[in-house]
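Since the structure comes first, as C-alpha cells, the remarks are kept for the end.
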Amino acid sequence: MIKKEKIYKYLFASLAFASLVFLVGITIVLFKEGLPIFKEVGFFEFLGGKYWYPTYEPADFGILPLVLGSFAVTGGALFICVPLGVGSALYINEIASQRQKTILKPLIEILAGVPSIVYGFFGMVVVAPFLQKALGLPVGQTAFTGSLMLGIMATPTVCSISEDALSFVPKSFRYASFATGANRWQTLTKVIIPSAGSGISTAIILGMSRAVGETMTVLMVTGGAAVIPHTLFQPVRTMTATIAAEMGETVLGSSHYHALFAIGLILFFITLVFNIIAELISRRFRIKLGLGR
Amino acid sequence: MDNNIRIEVKDVNFYYGKKSALQNVSMDIKKNKITAIIGPSGCGKSTLIRLFNRMNELIPNTKMEGTINLDGENIYSSKIDVVEVRRQIGMVFQKPNPFPKSIFENVAYGLRVNGIKDKKYIREKVEKSLKNAAIWEEVKNRLFDNALGLSGGQQQRLCIARALAVEPEVLLMDEPCSALDPTSTRKIEELVLDLKKKYTIVIVTHNMQQAARIADYTAFFMMGDLIEYDITDKIFTKPSKKVTEDYITGRFG
Ligand SMILES: Nc1ncnc2c1ncn2[C@@H]1O[C@H](COP(=O)(O)OP(=O)(O)O)[C@@H](O)[C@H]1O
Ligand SMILES: [Mg+2]
C-alpha cells in the first residue's frame with residue numbers, strides 16, 4: 001500500500017517537475033537565441049527602431065512598427081471584447097433565467113475553445129472583403145479587421161471569467177442591498193460590479209494577453225505591412241505575425257534569426273507581466289471578498 | 001385599528017414551490033416592543049420575517065397568500081412600492097454582511113440609494129447611526145477603513161447601523177447573534193433593548209435564554225404553524241400548550 005502511494009507521489013511530482021523543466025528550457029532558449037542580436041543592435045535601437053527590413057543589405061532591425069502594430073490590434077480588440085464580454089457576463093448573471101444560463105454558459109466556454117484559424121479564415125474570406133467594400137478601403141486586411149476578429153475571439157474568455165467573478169459575489173451582499181431599499185440597478189452598479197471589479201479586471205487582462213499572443217488570426221487578416229500605423233484602417237504587422245511569417249525563411253543562427261527570437265523574448269515578458277498583474281489583482285479580489293487566498 | 005399594532009399578519013400561507021412553509025399564520029406585532037420568534041430550525045422563522053419586508057420575492061418560485069399590514073396598509077397591495085417598504089422595515093441578517101466598502105460607505109449606502117446627496121447630512125446621519133448602533137467609539141478614527149477588517153461582532157453592529165441609517169420604523173433581525181461570541185452577543189442584546197424606544201423590533205432567535213432576556217412578546221412556531229404567541233413571561237413560565245413547554249424546557253429542538 002505504502003509503496004503504491006509512493007509511486008504515485010513520485011509520478012505526479014515528476015510530471016509537475018517536467019512542466020517546470022519545459023518552462024525553464026523555453027526561457028533559456030529564448031534568452032540564448034534572442035540575446036545575441038543585442039551585440040549588433042543596441043537594446044533601445046532594437047525596441048525603438050522605426051524600420052524593420054531584416055533581409056536588406058545592410059538590414060534594419062527596428063521593431064517599433066511591430067510593437068505598435070501589436071498594440072493597435074490589441075487595443076482595438078479591447079474596445080470590442082470588454083463591452084461585449086462584460087455585458088454578456090452581466091446578462092448571464094443578472095438577467096438570464098436558469099434555463100438560459102444552463103445553455104449560455106457551456107456555449108460560451110465552447111466558443112472560447114474554437115481554434116483561432118477558424119476565426120482567421122472567417123476574417124479573411126468574409127469580414128475583410130466586407131469591410132473593404134463597406135468602408136471603401138484600398139485593402140480589407142487592416143489593423144481594424146484584426147481588432148474586430150481578436151475582439152470577438154477574446155469575448156468568450158472575458159465573459160466566462162467575468163461571469164465567474166460575478167457569481168463569486170456573495171448573495172448576502174445582494175440581500176443587504178435590497179433590504180436597505182436599493183433597486184436592482186443600484187444593487188448592480190453600486191454593490192455587485194464594484195465587488196466583482198478586480199475579478200472583471202483580471203478577465204480583461206487575461207483576454208488582452210490572449211489577444212497580444214494571438215498569431216494565426218492576425219497573420220491572416222491584418223495585411224502584414226511592417227510600417228508604423230497612423231490609423232486603424234491600414235495594414236499592420238504584429239510581433240507574433242512577424243515571427244510566424246519569417247521564421248521559416250531565415251537562416252539558422254543569422255542576425256535575422258536572433259532578432260526573431262528577441263521579439264519572442266519581449267512578447268514573453270509582455271504576457272508574463274499581464275499575467276502577473278492579473279494574478280495580483282485576483283488575489284486582492286479574493287481577500288476583499290473574504291474568500292481567503 | 002389598534003394604535004399599538006405596527007404589523008398585522010392575517011391568514012398568511014407561504015409556499016416554496018409546492019412545499020408549504022407557513023400555514024394560516026395570524027399575529028399582531030406591537031409598536032415599540034421586542035417580539036421574539038422561536039422554534040426548531042426549519043419551522044419557518046426566517047421565512048416569516050422575510051415576508052415583512054418582501055424579501056421572499058427575491059426567491060424564485062414562491063407564493064404568498066393572505067395580508068400583511070404595516071400601520072394599517074397592506075404591503076402586498078399592488079399600489080405599494082416595494083422599495084418604500086424595505087426602507088421602512090430594516091433588516092439585519094444571520095451572518096454579518098457588510099459590503100466590501102469603507103465603514104462610512106456601508107452606513108451611507110442606504111442614504112445614497114435613496115437619493116440623498118447632501119454631504120453634511122450624510123456625515124451627520126452616519127455618525128448618528130453608528131452611535132445608535134453602539135459602535136461609534138470603536139470606529140470613529142477609522143471610518144474609511146474597509147468594513148471587512150472589523151471583528152464579527154463589530155460587523156454585525158455596523159450592519160445594524162446601516163439598517164438604522166434610513167430611519168426605518170421596524171427592525172427585523174434574523175438570529176443576529178448566532179455567529180457571535182458571548183461578549184458581542186451581550187452587546188447586541190443591550191443595544192436591542194435600547195433601540196426598542198424608537199423602533200419596533202422582531203428578532204428571530206435560536207437561543208431561548210436570549211428571547212427570555214430581551215423580548216416582550218414571544219411567538220413559538222413549529223413546522224410552519226404558529227403554536228403559541230403571548231407575553232414572553234407567560235410563554236416561559238406558564239405556556240398554555242404542551243408542545244411549547246416541551247420545547248422551552250429543551251425536551252426537543
Ligand atoms: N430558499 C428556499 N427554497 C426552498 N425552501 C426553502 C427556502 N428557504 C427555506 N426553505 C424551507 O422552508 C422551511 C422553513 O425555512 P426557514 O424559514 O429558513 O426556517 P427557520 O428560519 O425557522 O430555520 C424549511 O423547511 C426550509 O427547508
Ligand atoms: Mg432561519
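No lab work stands behind these numbers, since they all come straight from the coordinates. Model, not experiment: these values are computed from the prediction. When we count neighbours, we look across all protein chains shown, and the Cβ atoms used for this are built from the backbone with ideal geometry, even at glycine.
A few points about this structure:
- Rg/Rh for the stretch A:42-150 (Cα atoms only, Rh after Kirkwood) is 1.14.
- Shielding by other protein chains, B:90-101, mean Cβ within 10 Å: 5
- Between the stretch B:1-65 and the stretch A:177-221, the Cα center-to-center distance that results, in Å: 38 Å
- Note on the protein assembly as shown: helix-only mean residue ellipticity at 222 nm, from DSSP H runs of 4+ residues weighted -39500 (n - 2.57) and normalised by residue number, equals -17000 deg cm²/dmol.
- Expressed to the nearest 5 percent, the antiparallel share of DSSP beta bridges inside chain B is 60 percent.
- Note on A:181-191: average number of Cβ atoms from other chains within 10 Å of each residue's Cβ is 5.
- Tensor-based shape of the protein assembly as shown (alpha-carbon gyration tensor, a/c under 1.5 rounded, otherwise prolate or oblate): prolate
- Shape of chain A from the C-alpha gyration tensor: oblate (a/c of 1.5 or more and a/b not above b/c, with a ≥ b ≥ c the square roots of its eigenvalues).
- Between A:R237, A:R184, A:R210, the Gaussian network model of chain A with springs among Cα atoms under 10 angstrom shows the greatest mean-square fluctuation at A:R184.
- Rounded to 0.05, the FRET efficiency of the B:E65 and A:I277 pair, given R0 = 45 Å and the Cβ-Cβ distance, is 0.25.
- Trypsin sites (Lys or Arg not before Pro) restricted to the stretch A:1-82 and DSSP loop, no more than 16 other C-beta within 10 Å: A:K50
- Label separation (B:S26 vs A:I95): 4.5 nm, computed from points 7 Å beyond Cα along the C-beta direction.
- Sequence of A:T231, A:T217 once ranked by neighbouring C-beta atoms within 10 Å, starting from the fewest: A:T231, A:T217
- Ranked list, fewest to most other Cβ atoms within 10 Å of each Cβ, for A:T250, A:T222: A:T250, A:T222
- Each Cα pair under 8 Å and six or more residues apart adds its sequence gap; the mean of these over the residue count of the stretch B:106-207 is a relative contact order of 31 percent.
- Structure remark: mean-square fluctuation, Gaussian network model of chain A, C-alpha springs under 10 Å; the largest value among A:A203, A:A244, A:A154 belongs to A:A244.
- Our summary gives the stretch B:5-248 a relative contact order of 28 percent, counting only alpha carbon pairs under 8 angstrom and 6 or more residues apart.
- Residue range of chain B that is longest and free of trypsin sites (Lys or Arg not before Pro) which are both DSSP loop and sparsely packed (at most 11 other C-beta within 10 Å): B:118-196
- Membrane-span-like helices in chain A (whole DSSP H runs, Cα extent of at least 15 Å along the helix axis, mean Kyte-Doolittle hydropathy of at least -0.5): A:2-34, A:64-90, A:98-112, A:143-168, A:193-213, A:255-288.
- Rounded, prolate or oblate (a/c below 1.5 giving rounded, otherwise prolate when a/b exceeds b/c) for the stretch B:1-101 by Cα gyration tensor: rounded
- With neighbour counts taken as other beta-carbon atoms within 10 Å, the residues B:W136, A:W52 rank, fewest first, as B:W136, A:W52.
- Charges were assigned to the Cβ only: +1 to each Lys and Arg, -1 to each Asp and Glu. The resulting dipole of the stretch B:5-248 about its Cα centre is roughly 580 debye.
- Listed residues A:F71, A:Y56, A:A96: farthest to the positive end of the dipole of the stretch A:1-120 (Cβ charges): A:A96
- Spin-label model, A:F130 to B:E84: label points 7 Å out along the Cα-to-beta-carbon direction sit 5.0 nm apart.
- Whole-Å distance, taken between Cα centres, linking the stretch B:111-157 and the stretch A:41-98: 45 Å
- Counted by Cβ distance under 13 Å from A:D60, the other residues give a net charge of -2, where Lys and Arg count +1 and Asp and Glu count -1.
- Divided by 2.2 N^0.38 Å, where N counts the residues, the Cα radius of gyration of chain B comes to 1.01.
- P(r) histogram, all alpha-carbon pairs of the stretch B:181-248 included - 5 Å bins from 0, percent: 3, 15, 27, 23, 16, 12, 4, 0
- In the protein assembly as shown, a dipole from Cβ-located charges (positive for Lys and Arg, negative for Asp and Glu) runs towards its positive end, and of A:L35, A:A13, B:A108 it is B:A108 whose Cα lies farthest in that direction.
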